[in-house]
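Worksheet for the structure shown next.
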Amino acid sequence: MECAISLKHITKTFGSVVANKDVSLDIYKGEILSLLGENGSGKTTLLNMIAGIYYPDSGEVFVNGKPVEIRSPRDAYQLGIGMIHQHFKLVDVFSATENIALGLDAKEKFDLKQVRKKAQEICDKYQFDMDFDQKVYAMSVSQKQTLEIIKVLYRGADILILDEPTAVLTPQETEKLFQVIRNMRADGKSVVIITHKLHEVLAISDRVSILRKGEYVGTVETKDATESLLTEMMVGKKVELNIDRPIPQNPVKRLEIRNLSVTSPEGVRVLSDINFDAFGGEILGIAGVSGNGQKELLEAIAGLQTVESGGSVKYYNSEDGQGPAMEVIGKNPRVIRNAGIHMSFVPEDRLGMGLVGSMGMTGNMMLKSYDSGKALFLDQKSPKNLAERIKEELEVVTPGINTPVSRLSGGNVQKVLVGREIADAPMVLMTAYAVRGLDINTSYAIYDLLNQQKKKGVAVIYVGEDLDVLLALCDKIMVLCAGRVNGIVDGRTATKEQVGLLMTKLQEGGNKNE
């Protein structure tokens, strides 16, 4: 097959960290190539060099057989290369058409009718669905991603790079995206996908290339690949892909949620009359299409959301889970903590809500005990020891415990956050999308940590988007639909189809416990 891009002996370092070392890789015309590797293996860095965001320290890049220098995203666009990043580069208050027009040559920019006409032709050709008058702030994640893809196609891209394109998509949205990608391949485009979801790799790609610790391991034809083979190539050793699910031992009630409703600052009701209990020694999974109140539910329990009057979150601190219970509603996180309520929360926004990006691991450990007084700043020993322990036990890849966490890969940031929250010895541990964007090896390490907490009698609440994982890990699964509890099912006996239906179709009555 003819090469669209050929990388020869590419090396890239950041200070003492070697991100890519002597990588040689070919991307063919009219193919879908998946790029696999653990967090921090150099996948995004490598593709950022093709997209003009980084420039290699050494090595050569060939596009359509000719040596090129890609020093900026504009250079990449001119060579027909477009990258769709995990974090979209869109202007919220602009419409779809206006976002496409941004960055075009001045002579094109102001003719929005012409922009819209050409963009509609792209949609018709590849079977996209897009309302060009819709403002970005009113779009779903899937619609924003579609707009990003249309943007790069509008600029004439023949080589598309998608970084974690399905991380926040539902199974239905993912299948829709895959169909569009197949249509682009049929049109002769080259598509490169970074993803950690092995079943998706096997479903969509023609070939799979693997990086390990910044070095190229090899490429396999997808038809010859299996999940265990790909995992072994990524990690360098055999990995058991089985999630443990111990039987709950004497579950004890820890949380009792009654009539919980939350309205957003814009006046939209995001949670309506939520009722459920969480038990120590169990993992309660929360499933739902993205944006159905999962995030707000955990934040409301953690004291980060204002709850409507009549709502109650009672916390049981006694060993047997009998009263007296403490009411959490109306207390901020500091008051909750000072009242002896041992809850830990791993939020969805790791660097926004969970950690301070400019601080190192030690500083972020100190944040947890900030309120215990100024004397803490005279003694940094215990946060430092905790940082060292988490680095060692969770195999956090970092130049040092004082390196700003914003410089770490997504998976390593998540390890720091989960490690810190678990070290706090909670009675209730809430996690929002704990393994989003994590490689398979790290994901299984997180599942193991959650199971260890369950065995210690902790009530674990796990918000996840992968139904296969929810069904393999959780003892019970509560499904949210349109901000309501649409059913609570047994994780051991429920089927993917049953949970999928509860995610998309509101049952009679809206608050059903099964």
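The values are calculated or read from the model by the stated rules, or taken from the named source; none is laboratory data. Just so it is clear, the structure is predicted and the values come from calculations on it, not from any experiment. Glycine gets a Cβ as well: all are built from the backbone with ideal geometry, and neighbour counts include every protein chain shown.
Observations, loosely collected:
- Of the strands (runs of 3 or more DSSP E) that lie entirely inside region 200-290, those containing 1 or more residues that are under 30 Å from Met139 (Cβ atoms), touching a helix residue (DSSP H, G or I) at 6+ places or on another chain (Cβ under 8 Å) and of a type outside the set (Gly, Ala, Ser) span 252-263, 269-280, 283-287.
- For region 283-315, filtered to residues that are within 19 Å of Val485 (Cβ to Cβ) and either over 24 Å from the mean Cα position of the chain (by Cα) or free of Cβ contacts under 8 Å to residues at least 24 places away in the same chain (or both), the residue that is surrounded by the most Cβ atoms within 10 Å (Cβ to Cβ) is Val313.
- Yes/no for Ser318 being part of a loop (DSSP other than H, G, I, E, B) and without any contact (Cβ under 8 Å) to a residue 12 or more places away in the chain: yes
- Search result, residues across region 397-411 that are under 25 Å from Gln86 (Cα atoms) and surrounded by fewer than 23 Cβ atoms within 10 Å (Cβ to Cβ): Val397, Thr398, Pro399, Thr403, Pro404, Ser406, Arg407, Gly410
- Of all residues in region 335-366, those satisfying the criterion of being within 16 Å of Ala302 (Cβ to Cβ), modelled with pLDDT under 75 and under 26 Å from the mean Cα position of the chain (by Cα) are Glu348, Asp349, Arg350, Gly352, Met353.
- Hits in region 180-221 (condition: hydrophobic (A, V, I, L, M, F, W, C), loosely packed, with under 15 Cβ neighbours inside 10 Å and closer than 29 Å to Thr13 by Cβ): none
- Boolean, Thr231 is outside the structural domain of Asn441 (by TED's automatic domain parsing), in contact (Cβ under 8 Å) with a residue 40 or more places away in the chain and more than 25 Å from the chain's Cα centre (by Cα): no
This table checks each residue for (1) at pLDDT below 90; (2) farther than 26 Å from Val201 by Cα.
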residue: Val23; (1), (2): no, no
residue: Ile50; (1), (2): no, no
residue: Arg71; (1), (2): no, yes
residue: Thr97; (1), (2): no, yes
residue: Lys109; (1), (2): yes, yes
residue: Asp124; (1), (2): no, yes
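- Considering region 26-40, and only residues there that are in contact with a Leu (Cβ under 8 Å, 6 or more places away or on another chain) and crowded, with 19+ Cβ neighbours inside 10 Å, the residue that is modelled with the lowest pLDDT turns out to be Asn39.
- Test: residue in region 223-234 that is surrounded by 17 or more Cβ atoms within 10 Å (Cβ to Cβ), closer than 30 Å to Val460 by Cα and among the hydrophobic types (A, V, I, L, M, F, W, C): yes
- Restricting attention to region 370-395, the residues being at pLDDT below 85, farther than 23 Å from Pro333 by Cβ and crowded, with 16+ Cβ neighbours inside 10 Å number 1.
- Of all residues making up region 246-285, the number that are touching a strand residue (DSSP E or B) at 6+ places or on another chain (Cβ under 8 Å) and closer than 17 Å to Arg492 by Cβ: 8
- Asp124 among the charged types (D, E, K, R), in the same structural domain as Asp187 (by TED's automatic domain parsing), surrounded by fewer than 20 Cβ atoms within 10 Å (Cβ to Cβ) and more than 26 Å from Leu33 (Cβ to Cβ): yes
- Residue pairs meeting the criteria (Cβ under 7 Å; at least 6 apart or on separate chains; first within 15 Å of Leu355 (Cα to Cα), in region 392-407; second surrounded by fewer than 16 Cβ atoms within 10 Å (Cβ to Cβ) and small (Gly, Ala, Ser)): Pro404/Gly357; Pro404/Ser358; Val405/Gly357; Ser406/Gly357; Ser406/Ser358
- Filter result (buried (at least 17 other Cβ atoms within 10 Å of the Cβ) and hydroxyl-bearing (Ser, Thr, Tyr)) within region 331-369: Ser344, Thr362
- Given (1) surrounded by 14 or more Cβ atoms within 10 Å (Cβ to Cβ); (2) within 21 Å of Met184 (Cβ to Cβ), number of the condition Lys117 does not satisfy: (1)
- The residue that is surrounded by the most Cβ atoms within 10 Å (Cβ to Cβ), among those in region 269-281 that are hydrophobic (A, V, I, L, M, F, W, C) and more than 25 Å from the chain's Cα centre (by Cα), is Ile274.
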